[in-house]
Each structure stands twice: as structure tokens, then as C-alpha cells.
Amino acid sequence: MGKKRKQKLADDISALTKKQKKHLKEFGEQHPFYDEVSKKVEKTQFVELPEHSEDESSSISESESEPETVNMYHKLLATLKSVSDEEADDDDDEEEDEEEEEGGRIEEDVEGNDGAESEEENQNSEVESDGEDEFVEDDNAEENDQGTESLEKGDEKATDPGDPAQEGEEFTDVKNELKFSLEGNYIEDEDHKNESVFPPKTASEDPFIKHVYREMEEDEVEQITSNKTSVSLKWPVLGQLNFSSKFEKAQPPKSEKETDLKKLHLQKPLDITWPEVNSTFNLSQGDQNFTSLQKELFTIMNSYKDLFYPSRTATVQGEEIRHVYCLHALNHALKANAQVLNNNSRLRDGNTHVDDDDFRDQGLTRPKVLIVVPFRESALRVVQILISLMEVVGRKVDVSNKKRFKDEFGSAPEDRPPNLKRPEDYEAVFAGNIDDHFRIGVAILQKSMRLYSPFYSSDIIIASPLGLRTVIGSEGEKKRDFDFLSSIEVLVIDQVDIYLMQNWEHMLHLMNHLNLQPTESHGVDFSRVRMWNLNNWAKYYRQTLLFSALQEPQINSIFNKHCFNYSGQVAVRNMPVIGSISQVVVQLPHVFQRLEANSLLSVIDARFQFFTDKILPQYRDAIMSHTLIYIPSYFDYVRLRNYFKKEELSFMHICEYTDRSGISRSRQFFMRGEKRFLLVTERFHFYKRYTLKGIRNLIFYELPTYPHFYSEVCNMMKSWKQGEEATLTCTVLYSKYDAQRLAAVVGAERTAQMLQSKKNVHLFVTGESN
């Protein structure tokens, strides 16, 4: 009988397909689809549960002591392991081969597209890295990555927007969750106890206490929506400042001469670590803590006023600014957490003599600082600075999941593209990992830091506009979440100008979802929530810090229409005295032609009509070949491309989506003169910075977004044949709505003359003799 049963089992296994055998091996039973369904109706069994837990434990122990009956599927599984292990391994190998082939196809596509960006329908880019970024790992890296391992094992899962790689599935690391929980922790270190002023109603010179714990009245909130009052100031380094406020009690910032970190109200350990972290820069004379620029910027930041700084360069100055806003963001997060932990200790001690309002120390959700940066490399540097600011000499900060962060946000030397000659600002912007789809939560608690914390357990969120957009979603989508943005108190948007080259709609979408009332409670203790959060006044307390390389109407609209800080707004308004046209070294006549438009919306059609009726006919002659048309807007580029096709003109076109072979073909045809026109988008120039040879005639369909692009494109004519410079021409179209871009190219004084003049045509001549 035993032999017949074994034979029957072997026959059953041989009849199974590879897929069925694999399922049987993994799960110990066949797929329920193949089960035979009995038509016999079985009686329902009633089981009486024991009343006491002791009975339950005894019954469990008795059941565990009983011999386990062997299931027929387990017998099949045992036979399967001995009979068909090789077949199952072959099946696994086939799946791995398919994944490798698919991965190879993806890599080929990436190489064919010459490093296309992950931004949705936005950009292609050629990237250069000027070196590896140092990222020091501690000896406990493996311990810090236990959370990642639990994510891979799938022990405990909960929906959270903090991890895009897991499609919304985020692990709950119980150990770190308890360690970094604000509700269940207290300040046990005597050095940190009582260092935060409480109760909040007590008079304090700390700007954090002054700003966050000021209770506004309804009539004051209504006053904020009224007309603005503005004051002009001039500071030694920042230059011309414009302070505006809708709240009559708001005072303009004062140039702070104080350099003592303790008097600047820095939370421990920042007063100790900041001088060392910031020592890499050339500090101002008589000040061992800040550069001249950092000192004035931090004065405004520390007063909790909104700030718009439009002169951020991508080189050394960019790092100075990054350091100082990281100091302010971390200082704010540490102070806010210290208040909560202090109050936790007081509640634990049973102090009942304090008014209940004094315990209102948090928002509706925990995230209080949002830092928006364009690339993973920028996020990497921000986290590096935050870690450095937390590390005191002789004590390493405990950072969870550091190794995972380094792997996902760092860049390897072999990923570096070949060394090509590019401008310095290009190398600074596109250094390192330039993936633009990311988001990461950071939780901070006394002497520890946790990376990849769920958003609702994070103090600081670092993300790109695209990374946040995929979480926020659009109206009508089932899976969307923006409650974690409800209590943002400090918003830092760095390198805003780059978002103009990505997708500006993501930026607007983010601003529209800030400081809204959450749809769920998310476990908040409402007795600890500040009244202005409950009143939906969070946007009036939020501080916004904007850093850009230029002034643009879109960026100005963010600052003017989405910033409601009751403390007021400070904008740096330095007019360019000398424009980028002075950097053109080619002997070239520049003809600026003004077009008329009645409104901002009508400029688009007016420019197209002006170009096709008055400009293009002048270049139809054969003598005006080798004409490059520079087009900032992609929509204008598509419109012109379709028009040129309709008119059957001899032209080639290059945009940010053109592959490498298409770019090479267009450049060759244009340089040889086989095609008379070449249409080029500004985003292509931003992401590639190729030198286009063969330009004799240049048309700026609209003034460039970046002023130095004007001189760069004009200087490309220098690479053309010697002795033919006299035939070179440059034509620029502009309107009265292009005042800021025009001032950046020709200077503020000339711009005023050109806009007020009755003449529509203005001529400038550049050359080596100037």
C-alpha cells in the first residue's frame, strides 16, 4: 500500500506544470484554483471560547502538545523537493534572465536618450560631476539599516507617502518609531532641561517664541488681507531691500551687528557645531561665525520674516546660502521639539498649577519644515549639513538608515559622464546625482536623527516638486495625500529658477496645497495643538524663504500671492547696472525691436504675428542663411516648427527631447549650410550647453530667461570662419512686459530709455574694441 501511495504522489507531481510546482514549493499547497470543490453541504460547527485568558493559554498549550497531522500537500511538497528541484531552479533562472534583459533594454534606452531626466515630459540633460561627495559612515551602519531590512521582509506595513520607491508602502520600524516619537519621549539630559522658555506667555527675547506663540485676534487676521505697506531699506551686502507687510504691527528688519551665537538664540548643540561646519568659507573680518552675506541673511531668517533672494549663484555663494538656511531650519525644528519634550516632562511630573493653554506646543501634524530642492545631489548636501550640525566633537550623532540614503542619493565615479568643456555654473548645477523625483522624511530627537522616517513621524521633509506632486496627486484621484503639509512652519525653496526649466506647474500645485486643514486627525492630541492651527491660520505664521538666480514674474507671483506671513516679507530688489550684453566679445550689431501688445496674454500671439510678418521675410533670401532662432518657450517652439513645416522652409530643429543622433544630424546640416534655419529651445541649451557652429545670423524670438545665456549664444559666432564677422547679425524681440529680462541683458538705465522711447528699434554694437 505504501509503494502505491508513493507512486501516486510521483504521478501527481509529474502531471503538474512548472508554474504549479513552483507555487507548491513556495506555499506548501497548490493554488486554490485547482482544488476540487465538494458539493456535499457540511454542518456548521459551534465552538465555545473560554471565558478567561488562563483557559486560553492552557488550551493553546494543549493544542501545541498534540501531535501534528501531516497534510497531503506537505507530503507532495517533500517529494517535490527531492524530485524536481532542478526544474524549479530552471524556472527561477528563466525569470532572472527576463529581468536582466528588461534591465538591459532600459539601460540602452537611457543611453540612447543621452541621460534623459525623470521629470514628466520635461527635459534631457547631459551631466557632469566634478568629484565625489564625502559621506562619512559610522560603525553602526548595519544597525542603522535594520529598518530597511524590515521593509524588504515586509514585517509591518502602513500606507505613508515617505517612500516613493515602495509605491506608497512604508515600513513601521517599531524600534525607531518609539525612539523618535515625540509623544512618548522626555528631555532626560540635565544640560537640555529648561533651556527653552516656558510657559510661552512669559516674556522672551527668543524670536522663535515671539513668532510662534503670538496669539493673533480675528480683526488682526482680517487686517492681513488688506492693502500692503512697503518700506525701502539698504544693507551693506544685500543692497536694496523692500520690506512689505499687510499687518501694521510688523516692523522692518534691523541690520544685526551681534555675532555671539548664544545671543542669537541658537539651540544646543548648534552654538557649538556651527563655527566648525561653516569654517570652510572666507569669514568676514571680526566675525568667526558668518560670512558677510550669511550674517545679513540669517538676521532676516531669524526674525521669521519671509525672504526672497534673487541673486543666488550656483558656485560658492550657493553653498553659503545652503549652510545658513540649514542652520535656521534645524534650529527651528530643535526648538519646537524641545518645547514638546519639556511639556511632556512637566505633564509626567503631574504639574497641575500651569494653565492648559501653555501645553499647546504643536501643529495638527508633526512635519514643521519643508525644504524643496531640484536634485538628489542637493538633498544629499542638505542632509550632510544637518548631520554635521548635530555632531559635537567626541560624539557622533546616531543616524538611522544612513547607508540606504547614501546608496540612493549618492553618485558613483563610474556614473560620471566624460569630461567635456562646460561653463562653471553648469558643472555646479549638474554635479552628482541629478534625479529629480525624490522625497525623504527626517526625524530629529536630541542626539539622534532618522532618515526615511514616515512623513507623519518626521520633523523635516526634503523633496523635489515632482516627488511631492506624485504624493499630492490631482483632484479625483483615489490615492493622494497632502495632510502632512498642513502644519509647515518654515518653507525653504532653493534654486527656484531651475523649476522653470522643469515643470513650473508642480511648484504651483505644491503652493496651493500648503497649510490646508487635514482631512484626518492622524492621531493628534488636540489638547496640545496651538489655537492658530485649529483656527486654520497656519499660513499667516508660515515663513517662506525663496532663493533664485534671477527675478522672473512667475517667481515673483509665488512670493506675492502665496506668502501671508504676519511678520512681513523682505525682497532683495537690486537692479542690474551692467547687463550681460557687455560680456559679448564678438563684433556684432544687436538690433532690439519692440512689439506692441495690449495685455500679458496677448503678447504670445502678438510676438508670433510680428515675427512671421516683419522679421522672417528679411531672412528668406539666400544671403541670410545660417540663421539660428533661439526660443525660450517650448510652446512657441512647437508653433514655429509647425509654421516652418507648413511654409516648407529649409530648417532643422532641436529641443530638450531630441535624441543624440537627431542633435548631431541637425548640427551638421546647419553648419554645412544644407539647412538655412535652426530652431533651438532654451531648455536644450540649459541641459546641454553645446557650442553650435555655423551661426551667421541670430534671432532671439524672446529674451532668454537666464541673462548670461544671451552672451553665451552670441559668443558662439566666434567659432565661425575668420574674416566673415562683418556679415554677422543679431535681432532681439521684446515688449514692455519683458522689462526684467531686458534689464538683465542691457542694464536698468538703458531699459528705461528703450521702454519710454517713441522709437521701436534700438541698436547696440559689441566687439573686442569696446
### Task
Kindly provide the set of residues from the stretch 304-348 that are of a type in the set (G, A, S) and either assigned to a helix (DSSP H, G or I) or more than 21 Å from the chain's Cα centre (by Cα) (or both), ordered by number.
G318, A329, A333, A336, A338, S345
### Summary
Taking the stretch 281-309 and keeping only residues that are open to solvent by 10 Å² or more (accessible area, probe 1.4 Å), in contact (Cβ under 8 Å) with a residue 60 or more places away in the chain and in contact with a Leu (Cβ under 8 Å, 6 or more places away or on another chain), one is left with E296, N302, Y309
### Query
Would you pick out the residues in the stretch 490-545 that are on the phi > 0 side of the Ramachandran plot, open to solvent by less than 40 Å² (accessible area, probe 1.4 Å) and touching a residue at least 40 places away in the same chain (Cβ under 8 Å)?
Q495
### Task
Please determine, by comparing only the residues of the stretch 478-498 that are of a type in the set (A, V, I, L, M, F, W, C) and under 19 Å from V324 (Cβ atoms), which one is nearest to the chain's Cα centre (by Cα).
I493
### Query
Within the stretch 644-655, can one find any residue that is among the hydroxyl-bearing types (S, T, Y) and open to solvent by less than 10 Å² (accessible area, probe 1.4 Å)?
no
#### Entry: Filter result (of a type in the set (A, V, I, L, M) and either touching a residue at least 40 places away in the same chain (Cβ under 8 Å) or open to solvent by 20 Å² or more (accessible area, probe 1.4 Å) (or both)) within the stretch 245-280
A250, L266, L270, I272, V277
## Note on the structure
Checked L628, L678 against criteria (buried (at least 20 other Cβ atoms within 10 Å of the Cβ), in contact with a Ser or Thr (Cβ under 7 Å, 6 or more places away or on another chain) and either at pLDDT below 95 or assigned to a strand (DSSP E or B) (or both)); the one match is L678
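One line per residue, one yes/no per condition, for (1) farther than 28 Å from F764 by Cβ; (2) surrounded by fewer than 14 Cβ atoms within 10 Å (Cβ to Cβ):
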residue	(1), (2)
E552	no, no
K561	yes, yes
G568	yes, no
V584	no, no
### Selection status of V442, buried (at least 16 other Cβ atoms within 10 Å of the Cβ), outside any strand (DSSP E or B) and at pLDDT 95 or above
no
### Query
How many of the residues making up the stretch 586-618 are without any contact (Cβ under 8 Å) to a residue 24 or more places away in the chain and either assigned to a helix (DSSP H, G or I) or among the small types (G, A, S) (or both)?
9
### Task
Check every one of the helices (runs of 4 or more DSSP H) wholly within the stretch 486-549 and list those with 2 or more residues that are over 13 Å from V372 (Cα atoms) and touching an Asp or Glu at 6+ places or on another chain (Cβ under 9 Å).
496-501, 531-534, 538-541
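The values are calculated or read from the model by the stated rules, or taken from the named source; none is laboratory data. The shown structure was predicted, so the numbers you read here are calculated from the model rather than taken from an experiment. Backbone-built Cβ (ideal geometry, glycine too); neighbour counts: all protein chains shown. All accessible areas refer to the heavy atoms of the entire protein, side chains included, with ligands and DNA or RNA removed. Shrake-Rupley method; radii C 1.70, N 1.55, O 1.52, S 1.80 Å.
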